[in-house]
């Protein structure tokens, strides 16, 4: 029998909110290929949705993580070090912006809203990469998630487009930084998927309809399709790939 792609690999999954989350689609694909998982949840309110999924996935660790709270991120990596002693991969699937700033024209975004968007959506990935580095003594792979609004001025995406552009740039610079340690860093850019986080975007239903119409095959991506891309980037199949942005949007990125 063929050895599962992720057999013996220990992976941190950050960003599962419910069964519709992109991070959950990734976790399912990774678990199916033998990965051992550490899953985080935002707070006690979120835990009741995430815990059943963690049990379904037989996650060894289920830990609280609000990256805006001092000490919580370091605590997650400390527990991973104590429990596993090593880390092979990380999925970063979190973003945040206050709704009033997300819905506002970019020229009217508040300083506080801009800083929150950049902190949670971008800097948290940089901080996680720094904490993961000493645990990836056997090499590893880090992935995050962007959107086409990072490269194009997508209507109603506003300040999040700026934050995602910063995240993509961070991906490239981290790839150079961590490359000597055999740690790869890549970004996946899914098309529109009806997740809880995406529901905060103004006129999101119209965005879904438009993207379905301009996609190459009249379809929208699923969390399982994005999970397949995550499996590729976190497995040895992509061992020669780093610093990239990979679109999973049924061709919307080439259709305008």
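For region 38-56, indicate whether the set of residues that are more than 27 Å from residue 201 (Cβ to Cβ) and touching a residue at least 40 places away in the same chain (Cβ under 8 Å) is non-empty.
yes
Checking the conditions here, which among 115, 148, 178, 135 is surrounded by fewer than 16 Cβ atoms within 10 Å (Cβ to Cβ) and over 14 Å from the mean Cα position of the chain (by Cα)?
One residue alone meets the criteria, 115.
Test each condition in (1) touching a strand residue (DSSP E or B) at 6+ places or on another chain (Cβ under 9 Å); (2) surrounded by 17 or more Cβ atoms within 10 Å (Cβ to Cβ) for residue 163 and report the one that comes out false.
(1)
Give me the helices (runs of 4 or more DSSP H) completely within region 1-104, filtered to those with at least 2 residues that are over 15 Å from the mean Cα position of the chain (by Cα) and within 25 Å of residue 163 (Cα to Cα), ordered by residue number.
72-83, 99-103
Residues of region 214-246 being touching a residue at least 60 places away in the same chain (Cβ under 8 Å), within 13 Å of residue 193 (Cα to Cα) and outside any helix (DSSP H, G or I), which ones?
222
Being crowded, with 21+ Cβ neighbours inside 10 Å, modelled with pLDDT of 95 or more and either in a helix (DSSP H, G or I) or at positive phi (or both): is that true of residue 169 here?
no
If we keep just the residues of region 178-198 that are part of a helix (DSSP H, G or I) and in contact (Cβ under 8 Å) with a residue 12 or more places away in the chain, which is nearest to residue 42 (Cα to Cα)?
Per the stated criteria, the residue is 178.
The values are calculated or read from the model by the stated rules, or taken from the named source; none is laboratory data. Given the structure is predicted, the values throughout are model-derived calculations rather than measurements. As a convention, Cβ positions derive from the backbone with ideal geometry for all residues, glycine included, and neighbour counts pool all protein chains shown.
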